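K.L.:
Pasting a structure below so you can have a look.
The values are calculated or read from the model by the stated rules, or taken from the named source; none is laboratory data. Because the structure is a prediction, the values reported are computed rather than measured. A quick note on method: Cβ atoms are made from the backbone with ideal geometry, for glycine too, and the neighbour counts reach across all protein chains shown. When the accessible area is computed, the model is the full protein with side chains, heavy atoms only, and any ligands, DNA or RNA have been set aside. Shrake-Rupley method; radii C 1.70, N 1.55, O 1.52, S 1.80 Å.
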Amino acid sequence: MSRINDVGGMVGFPAIVEETDEPGFHADWEAHVFAMNSALIRRGVYNLDEFRDAVERMPPAAYLEASYYEKWFAAITTLLAEKGVATPEELTGG
Amino acid sequence: MSGDHASAAIAGQVRHVETLLERRGLLADGEIDRRIDEFLAGGSPANGARIAARAWVDPAFRERLLADANGAIGEVGLSMSGGIQEQRLKVVANSDTEHHVVVCTLCSCYPIALLGPSPTWYKSEAYRSRVVRDPRAVLAEFGLQLPPDTRIAVWDASAESRYMVIPRRPAGTAGLSEVELAGLVTRNGLIGTAAV
């Protein structure tokens, strides 16, 4: 069974939009998400395959709605909870 | 999510998790900024362009590059081992009968060491879904009209394997130096969504 990330050949997505002079990151938080993930993988909190898996098993509707780094942040918090680093409540500040 | 309000909300959530990780000793002081700086300084399309220009002027290098890209790029001081794990690189070269284009249908795999951070369109579901189904139309949208008899090969990157395209050397460039030739090569040319 394919997961939602397996979009090759799928129809119905909007047109491809090319942004001129695109920056590496569009907001500071995106850069922080990128760096946080890199730090956690290098520390062995989880590995790259676990991270990719955590993105790919997002609920399909959430996956399609999220921007690229929103997907990353969702995967990071999923893994931090599953690895017992923090509870979901601690992670959301609730 | 989109818009300033949503962006402010997620920025706050990210800051919250970052603080929590710092308190638990999983992030060192200044580590985030250092990793961001390293990433932004680490790769740029100028690296890929240097490889393409060398391949244009040095047929023996071109042969080595197409046979064993990981080994050959070491000759111009580049490597695929700077990230979290070493990635296998395959370089493919356009010809007058065949055009190559790269995608990662499953996520966003990309030779960052050679091209820098990937553009948002490369990571979009729109590009990933369509370029494997109708590459000729997608390339035309990028402004690249290929003759109908040009064969198109689409390379789907994966966690372990990355691809880069050597564009065709433009006509009328016989007098240019290697550095000047590299200046002609664009990021999209190295992905395959532009002629050069």
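K.L.:
Quick check on residue B:172: is it at positive phi and out of contact with any strand residue (DSSP E or B) (no Cβ under 7 Å at 6 or more places or on another chain)?
P.N.:
Taking the combined requirement at face value, the residue satisfies it.
K.L.:
Something else: In segment A:44-59, which residue that is open to solvent by 50 Å² or more (accessible area, probe 1.4 Å) and in a loop (DSSP other than H, G, I, E, B) is nearest to the other protein chains (Cβ to nearest Cβ)?
P.N.:
A:47
K.L.:
Here is a list of conditions, (1) at pLDDT 95 or above; (2) at the interface with chain B (Cβ under 7 Å from one of its Cβ atoms); (3) closer than 18 Å to residue B:127 by Cα, and residue A:31 meets all of them except one; can you say which number that is?
P.N.:
(3)
K.L.:
If a residue counts only when it is closer than 23 Å to residue A:49 by Cα, more than 10 Å from chain A (Cβ to nearest Cβ) and touching a helix residue (DSSP H, G or I) at 6+ places or on another chain (Cβ under 7 Å), which helices (runs of 4 or more DSSP H) contained entirely in segment B:95-196 have at least 1 such residues?
P.N.:
In segment B:95-196, B:112-115 are the helices (runs of 4 or more DSSP H) which contain 1 or more residues that are closer than 23 Å to residue A:49 by Cα, more than 10 Å from chain A (Cβ to nearest Cβ) and touching a helix residue (DSSP H, G or I) at 6+ places or on another chain (Cβ under 7 Å).
K.L.:
Could I ask something else about it? Given the conditions (1) open to solvent by less than 40 Å² (accessible area, probe 1.4 Å); (2) touching a residue at least 24 places away in the same chain (Cβ under 8 Å), and given that residue B:108 satisfies all but one, which numbered condition is not satisfied?
P.N.:
With respect to (1) open to solvent by less than 40 Å² (accessible area, probe 1.4 Å); (2) touching a residue at least 24 places away in the same chain (Cβ under 8 Å), residue B:108 is out only on (2).
K.L.:
Can you name the residue in segment B:58-75 that is touching a helix residue (DSSP H, G or I) at 6+ places or on another chain (Cβ under 8 Å) and exposed (fewer than 14 other Cβ atoms within 10 Å of the Cβ) and is also nearest to residue B:183 (Cα to Cα) among such residues?
P.N.:
Among those residues, the one meeting the criterion is B:75.
K.L.:
Filter segment B:39-52 down to the residues that are touching a residue at least 24 places away in the same chain (Cβ under 8 Å) and over 14 Å from residue B:77 (Cβ atoms) and list them by number.
P.N.:
B:39, B:40, B:45, B:52
K.L.:
Residues B:82, B:71: which one is over 21 Å from residue B:103 (Cα atoms) and not in a helix (DSSP H, G or I)?
P.N.:
Answer to the check: B:82.
K.L.:
Now for a different question. Go through (1) touching a residue at least 24 places away in the same chain (Cβ under 8 Å); (2) in contact with a Leu (Cβ under 7 Å, 6 or more places away or on another chain) and name the single condition residue A:34 misses.
P.N.:
The failed condition is (2).
K.L.:
Right, next: Identify, please: which residue in segment B:6-26 is assigned to a loop (DSSP other than H, G, I, E, B) and either more than 9 Å from chain A (Cβ to nearest Cβ) or in contact with a Lys or Arg (Cβ under 9 Å, 6 or more places away or on another chain) (or both) and is, among those, surrounded by the fewest Cβ atoms within 10 Å (Cβ to Cβ)?
P.N.:
Among those that are assigned to a loop (DSSP other than H, G, I, E, B) and either more than 9 Å from chain A (Cβ to nearest Cβ) or in contact with a Lys or Arg (Cβ under 9 Å, 6 or more places away or on another chain) (or both), it is B:25.
K.L.:
Considering only segment A:1-19, state which residues are β-branched (Val, Ile, Thr), open to solvent by less than 70 Å² (accessible area, probe 1.4 Å) and without any contact (Cβ under 8 Å) to a residue 24 or more places away in the chain.
P.N.:
Passing the criteria: A:7, A:16.
K.L.:
Among the numbered criteria (1) under 23 Å from residue B:16 (Cα atoms); (2) within 7 Å of chain B (Cβ to nearest Cβ), which one does residue A:74 miss?
P.N.:
(2)
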